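Visitor: Sharing a structure with you now.
No lab work stands behind these numbers, since they all come straight from the coordinates. Nothing here was measured: the structure is a model prediction, and the numbers come from that model. Every residue, glycine among them, receives a Cβ derived from its backbone with ideal geometry; neighbour counts consider all protein chains shown.
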Amino acid sequence: MESYLLALGILDSSTRLAVPLLCACLAGLYSERAGVVDIGLEGKMLGAAFASATTALATGSAMLGLMAGILVSLVLALVHGFACITQRGNQIVTGIAINVLVAGLTALLGHVWYNQGGRTPSLEGDARFNEITLPLADTLGAIPILGPFYAEVISGHALPVYLAFLAVPLTWYLLYRTRWGLRIRAVGENPAAVDTAGISVPRLRYSAVLACGLLCGIGGTYMAVAQAASFLPHMTAGKGFIALAALIFAKWRPVGALWACLLFGLLDATAIRLQGVTLPGIGEVPVQAIQALPYLLTVILLAGFVGRAIPPKASGIPYVKER
Amino acid sequence: MKRYAVSAAFAALMALPAHAQIKPAITFDVGGKFDKSFNEAAYNGAEAFKKKTGIAYREFEIQNDAQREQALTRFARDGHSPIIAIGFSNGSALKKVAAEFPNVRFAIIDFVVDLPNVQSIVFKEHEGSYLVGLLAGQASKSGKVGFVGGMDIPLIRRFACGYAQGVKAGKASAEVFQNMTGTTGAAFNDPLKGGELARSQIARGADVIYHAAGNTGAGVLRAAADANILGIGVDSNQNGIHPGKVLTSMLKRVDVAVEKVLTDANTNQWKPGVTVLGLAEGGVDWAQDDNNKALITAEMRAAVEKASADIKSGAVKVHDYMSDQKCPVQ
């Protein structure tokens, strides 16, 4: 029973750690499915994290923080869209430019405004997304096996966690069951065909880039306003890039993205939780071995289990209308 | 003739600096001077000196390892002295730069550099950690307490070992969970991971958690406060971060040390060599203020004061992990 609770603890923690990845991964999915490669996921999340933390701090409301985070992320997405879609610029270069700009700007503004080395002061009370206990968590918790799972893993997370997980079925529905989704997928494979059918390629790509901005906004806000309860310079720490790797794992599919991000979250959580725990039969595992585990498994999985991952055919190529 | 006089006056000026005002400089370690912990203590010491004497100082906050040597060289070349490097990570850079500028006075906290122009200041963190461990052992109801360290190095293990010894002295049957955040300097600046480590210890039953992890500790203290258990701060007095949820803080008087280096340099009493600051020298202590008054019972206070007196008199010896890289208790 104790090892079951330990396992639940790991699952609970991996759910939390997977959320920023999942948001960024789904964001990248919209963008790349429409043919716009987005290296700037990292920058958009960081920008959203900063905007949400400062707004939540100033207004005392986490919801306003979320809105500010999404707004800033949308603006950055529009910048990316303008450079890549309207101006047909290089998508990789634009993405990197956004990352560099935001990394510097947030640290600088944070330093000037709060004089705490780029950090924002800690968010307290309503300025922070607090954990939501789902209905019946206490009653159902008494049921063996499934009860604790519901109470520990599913219940007791902050609002953006549920938003992120709801985004998975929503994305699936939008992409595979709506006209817009069909067109988005088409514009990423063969934009000329979409254009021939009389549908605006730029407009479709802009809508995908905005969906990407929305999700990055949620991810960044989660990190600053729920997880850490303050903004820290460079707090995204490469999650936007790991999300891109997860996107390849997932072969650009929403449900695959969910599993890939949960796997990365699980590896992270395992590395944290297994530290100093004595495993039956093995004894205490050295810290270094545990910390190397996620990287080792990533290499093994990448090399052996993913199979061929084929990106959308037109991704990364600006669309030029033939005359 | 005139030119001669000018150059003579210039030479006289050059010979003066011993009595002229000092031009101090400080490099803070990763985490920055407002980390509410180690670096902030150093900053407070420098600010106290500035307030008393009106002498300004130059400062630099290290962002990555490549900057350490650059910053020190730059300060030395600009004629700053004394130059204080905060943190063990500056050790190798300082060793190199101090050898290049033998006339500049250097000081380093938490590391020993054996050069004739360097003062090395180290603390007996195990003694202070023993005291907070003693309090943790007595405050714990579950008999399980936690420790979250920053980078996995002997210095941080010294905190952990002193703490574990104190916990056992407070409650012999107590269990101590120990976790390190990472193996690089970034481990001192990762509050998210600190929070997750603390949550995992809480899940295993810990109800008092001590951190020695700089900025990472902010996440540890937050997780402890969120779970309604007690955290223990480090280096600076962190009792006020979550009032009533921080049992105490292990004070490491980096502020006193920095101020003393500056004052000594200013009054020409500065000496190179190794300075070891323990409980007896006032270099380490436990924090008590209005924020944690209600958490410390009379019994706990008596026990910790007795232990403190015993360590000072030598009746109790706290084992130093760095002396043999081993800890007698787990």
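Visitor: Among residues other than A:G89 whose Cβ falls under 14 Å from its Cβ, what is the net charge (Lys/Arg +1, Asp/Glu -1)? Write out the running numbers ahead of the final one.
Guide: Details: positive: A:R88, A:R205; negative: A:D38.
So the surrounding residues net to +1.
Visitor: Once phi is turned into ³J(HN,Hα) by the Karplus curve 6.51 cos²θ - 1.76 cosθ + 1.60 with θ = phi - 60°, what whole-Hz value does each residue of segment A:52-61 show in order, with x for glycine and proline?
Guide: 5, 5, 5, 5, 4, 5, 6, 9, x, 10
Visitor: Then there's this: Taking 0.36 nm per intervening residue step and subtracting the Cα-Cα distance, what contour gain separates B:S92 from B:M322 on full extension? Before the final figure, lay out the partial values.
Guide: Working: separation 230, 0.36 × 230 = 82.80 nm, distance 1.85 nm.
Stretched out fully, the B:S92 to B:M322 stretch lengthens by 80.9 nm.
Visitor: Could you go through segment A:212-219 in sequence order and give the Karplus-derived ³J(HN,Hα) for each residue, using 6.51 cos²θ - 1.76 cosθ + 1.60 with θ = phi - 60°, rounded to whole Hz, and x for Gly and Pro?
Guide: In residue order, the calculated couplings are 4, x, 4, 5, 4, x, 5, x Hz.
Visitor: Would you mind checking which residues have amide H under 5 Å from B:V246's amide H? H placed 1.01 Å from N; only 5 or more apart, or other chain.
Guide: For B:V246, whose amide H was placed from the backbone, the distant partners under 5 Å are B:G231.
Visitor: While we're looking at this one, here's another question. Nearest 10 degrees is fine. How inclined is helix B:67-77 to the longest principal axis of chain B, computing both from alpha carbons?
Guide: 30
Visitor: Right, next: Any idea what angle helix B:216-226 forms with the longest principal axis of chain B, computed on alpha-carbon atoms, 0 to 90 degrees, nearest 10?
Guide: Taking the Cα atoms of chain B, the angle to B:216-226 is about 30 degrees.
Visitor: Pull out a ≥ b ≥ c, the square roots of the eigenvalues of the alpha-carbon gyration tensor of segment A:1-109, then state rounded if a/c is under 1.5, prolate if not and a/b is larger than b/c, and oblate in the remaining case. Intermediate values should be presented prior to the final figure.
Guide: Values: a/c = 2.59, a/b = 1.49, b/c = 1.74.
Oblate shape, in that a/c is at least 1.5 and b/c is the bigger or equal ratio.
Visitor: While we're on this one: Report the net charge of residues surrounding B:A107, where surrounding means a beta-carbon distance below 10 angstrom and charges are Lys +1, Arg +1, Asp -1, Glu -1. Working shown, then result.
Guide: Numbers: positive: B:R105, B:K260; negative: B:D264.
Spelling it out: positives minus negatives among the neighbours equals +1.
Visitor: Taking every residue in A:225-233, how many Cβ atoms of other protein chains lie within 10 Å of its Cβ, on average?
Guide: Per-residue shielding by partner chains comes out at 4.
Visitor: Taking every Cα atom in segment B:59-192, find the radius of gyration and the maximum pairwise distance Dmax, and write them in Å.
Guide: When restricted to Cα atoms, segment B:59-192 yields Rg and Dmax of 18.4, 57 Å.
Visitor: Taking the Cα centre of segment B:148-262 as origin and charging only Cβ (+1 Lys, Arg; -1 Asp, Glu), how large is the dipole, in debye to the nearest 20?
Guide: Numbers: 12 positive and 9 negative charges, 48 e Å.
For segment B:148-262, the charge dipole is close to 220 debye.
Visitor: On alpha-carbon atoms, Rg over Rh for chain A using Kirkwood Rh? Numbers along the way, then the final one.
Guide: On the way: Rg = 20.5 Å, Rh = 20.6 Å.
Rounded to two decimals, Rg/Rh equals 1.00.
Visitor: Chain B: longest stretch without exposed trypsin sites (Lys or Arg not before Pro) (DSSP loop, at most 13 other Cβ within 10 Å), sites themselves excluded?
Guide: Values: sites that count: B:K141, B:K317, B:K326.
Of all site-free stretches, the longest is B:142-316.
Visitor: For B:E61, list long-range residues whose amide hydrogen, built 1.01 Å from N in the peptide plane, is under 5 Å from its own amide hydrogen.
Guide: It is B:F28, by chain and number.
Visitor: I've got another one for you. Using the Cα gyration tensor of segment A:77-212, with a ≥ b ≥ c the square roots of its eigenvalues, what is the shape: rounded (a/c below 1.5), prolate (a/b larger than b/c) or oblate (neither)? Working shown, then result.
Guide: On the way: a/c = 3.85, a/b = 1.30, b/c = 2.97.
In terms of gyration-tensor shape, oblate.
Visitor: Additional query: Can you compute 3J(HN,Hα) from phi for each residue in segment B:251-256, using the Karplus curve 6.51 cos²θ - 1.76 cosθ + 1.60 with θ = phi - 60°, rounded to whole Hz and x for Gly and Pro?
Guide: 7, 10, 7, 4, 4, 4
Visitor: Would you please classify the overall shape of the protein assembly as shown from the alpha carbon gyration tensor, given that a ≥ b ≥ c denote the square roots of the eigenvalues, rounded means a/c under 1.5, and beyond that prolate means a/b larger than b/c while oblate covers the rest? Mind dumping the intermediate values first?
Guide: Numbers: a/c = 2.37, a/b = 1.39, b/c = 1.71.
Oblate is the answer for the protein assembly as shown, as a/c is 1.5 or above yet b/c matches or exceeds a/b.
Visitor: Could you give the dipole magnitude of the protein assembly as shown about its Cα centre, charging the beta-carbon of Lys and Arg +1 and that of Asp and Glu -1, in debye to the nearest 20?
Guide: Values: 57 positive and 48 negative charges, 321 e Å.
So the dipole magnitude of the protein assembly as shown works out to roughly 1540 debye.
Visitor: Here is a follow-up. Quantify how strongly other chains surround peptide B:52-64 by giving the mean number of their Cβ atoms within 10 Å of each of its Cβ atoms. Before the final figure, lay out the partial values.
Guide: Numbers: counts 0, 0, 0, 0, 0, 0, 0, 0, 0, 3, 0, 5, 0.
Shielding by partners across B:52-64 averages 1.
Visitor: Quick check for you: which residues of segment A:162-198 have the amide N under 18 Å from the point 7 Å beyond the Cα of A:L301 toward its beta carbon?
Guide: A:165, A:168
Visitor: Tell me the Kirkwood hydrodynamic radius of segment A:197-255 in angstroms, computed as one over the mean inverse distance between distinct C-alpha pairs.
Guide: After inverting the pairwise mean of 1/r, the radius is 13.7 Å.
Visitor: So what is the 222 nm mean residue ellipticity for chain B from helices alone, if each DSSP H run of at least 4 adds -39500 (n - 2.57) and you divide by all residues, rounding to the nearest 500 deg cm²/dmol?
Guide: Numbers: 11 runs with 140 residues, N = 330.
Estimated from H runs of four or more residues: -13500 deg cm²/dmol.
Visitor: If amide hydrogens are placed 1.01 Å from N in the peptide plane, which non-local residues have theirs closer than 5 Å to the one on B:H211?
Guide: For B:H211, the qualifying residues are B:V148, B:I232.
Visitor: If you don't mind, another one. Please compute, for peptide B:195-203, the average count of beta-carbon atoms on other protein chains lying within 10 Å of each residue's beta-carbon.
Guide: Numbers: counts 6, 10, 5, 0, 6, 12, 3, 1, 9.
The mean count of partner-chain Cβ atoms within 10 Å per residue comes to 6.
Visitor: Based on the Cα gyration tensor of segment B:193-287, what are the three equivalent ellipsoid semi-axes, each the root of five times an eigenvalue, rounded to whole Å and given largest first? Please list the in-between numbers first.
Guide: On the way: eigenvalues 227, 27, 24 Å².
Equivalent ellipsoid of segment B:193-287: 34, 12, 11 Å, largest first.
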